[in-house]
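Undergrad: Here you go, one structure.
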């Protein structure tokens, strides 16, 4: 069994802290040990100066130093603990993940969601403490009131459709509110432009083949690892795609 995650609970409501303690007592994979509690940000900083923690369960709206500012200060600390926000407000989810929060739970917290957050915290700590660990680029996907971190390494293609982007991984599709041009400029080594409305992961390209959908003139399409559907290639981008294929070999 994994060693318990040494946990600091920060919430200005004593009943909320008590409920988290009770829920943590039932979590076993991984287990968590509540080492200390704090009712405000200043008290949390004092606890962090006194002891080592693996995890901070952190409310946002507190008197004085709020949870977002406290998270910024925690992130700047050497060997900083993982941070999971536990709040009644969903509006700060994007900011929380920009501060590298491991998860974002809304009250009332369900036991299964807290267990998932502990598992994410354990993975985060193992990756960060590994001597070969590197930061991982992600897209923050908003989906029906929740925010999901989708690693760029899992994305096979991005396609512009109306006002949004379809983000395709091997297991599912996401809707992302972002700019195709911005992602192309930011990650040129990871994605190649194959059409005016599509980027494809260079590492996912399997074959380039002629394609006839029965309606338009014969064109070209890419087959990608992990998904059945082809991705159309425009004549304008054909040379770039062929170059990406040569580089992959």
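All of the numbers you see were taken from the coordinates with simple rules; none came from a lab. Quick caveat, the model's predicted, so the values are computed rather than measured. Backbone-built Cβ (ideal geometry, glycine too); neighbour counts: all protein chains shown.
Undergrad: Working from Cα positions, state the angle (0 to 90°, nearest 10) between the long axis of helix 238-248 and the longest principal axis of the chain.
TA: For helix 238-248, the angle is close to 60 degrees.
Undergrad: State whether the chain is rounded, prolate or oblate according to the following rule on the C-alpha gyration tensor (a ≥ b ≥ c being the square roots of its eigenvalues): a/c under 1.5 gives rounded; otherwise a/b larger than b/c gives prolate, and the remaining case gives oblate.
TA: prolate
Undergrad: Next question. Of 155, 175, 205, 227, how do they rank once you tally other Cβ atoms within 10 Å and put the fewest first? Could you put the intermediate results ahead of the total?
TA: Details: 155 25, 175 13, 205 22, 227 16.
Least to most surrounded, the residues fall as 175, 227, 205, 155.
Undergrad: With springs only between Cα atoms under 10 Å apart, run a GNM on the chain and tell me which of 90, 181, 117 wobbles the most.
TA: The residue with the greatest mean-square fluctuation here is 181.
Undergrad: Relative contact order, percent, of segment 167-249 when contacts are C-alpha pairs under 8 Å separated by at least 6 residues?
TA: It rounds to 24 percent for segment 167-249.
Undergrad: Counting alpha carbon pairs within less than 8 Å and at least 6 residues apart, what relative contact order, in whole percent, applies to segment 5-129? Each step should come with its number before you reach the end.
TA: Details: 205 pairs, mean separation 30.8, N = 125.
Answer for segment 5-129 is 25 percent.
Undergrad: Angle check, please: helix 41-50 long axis (alpha carbons) against the longest principal axis of the chain (alpha carbons), in degrees 0 to 90, nearest 10.
TA: On a 0 to 90 degree scale, this one is about 80.
Undergrad: Which angle between 0 and 90 degrees, to the nearest 10, do you get for helix 14-25 versus the longest principal axis of the chain when only C-alpha atoms count?
TA: Roughly 70 degrees, rounded to the nearest 10.
Undergrad: Which whole-number percent gives the relative contact order of the chain, counting Cα pairs below 8 Å spaced six or more residues apart?
TA: Answer for the chain is 10 percent.
Undergrad: Per 0.36 nm of contour for each residue apart, how much would the distance between residue 182 and residue 69 grow if the chain were fully extended, relative to their Cα-Cα spacing?
TA: 37.8 nm
Undergrad: Let me ask something additional. Using a cut-off of under 13 Å, list every residue of segment 81-124 whose amide N is near the label point 7 Å from the Cα of residue 154 along the Cα-to-beta-carbon line.
TA: 120
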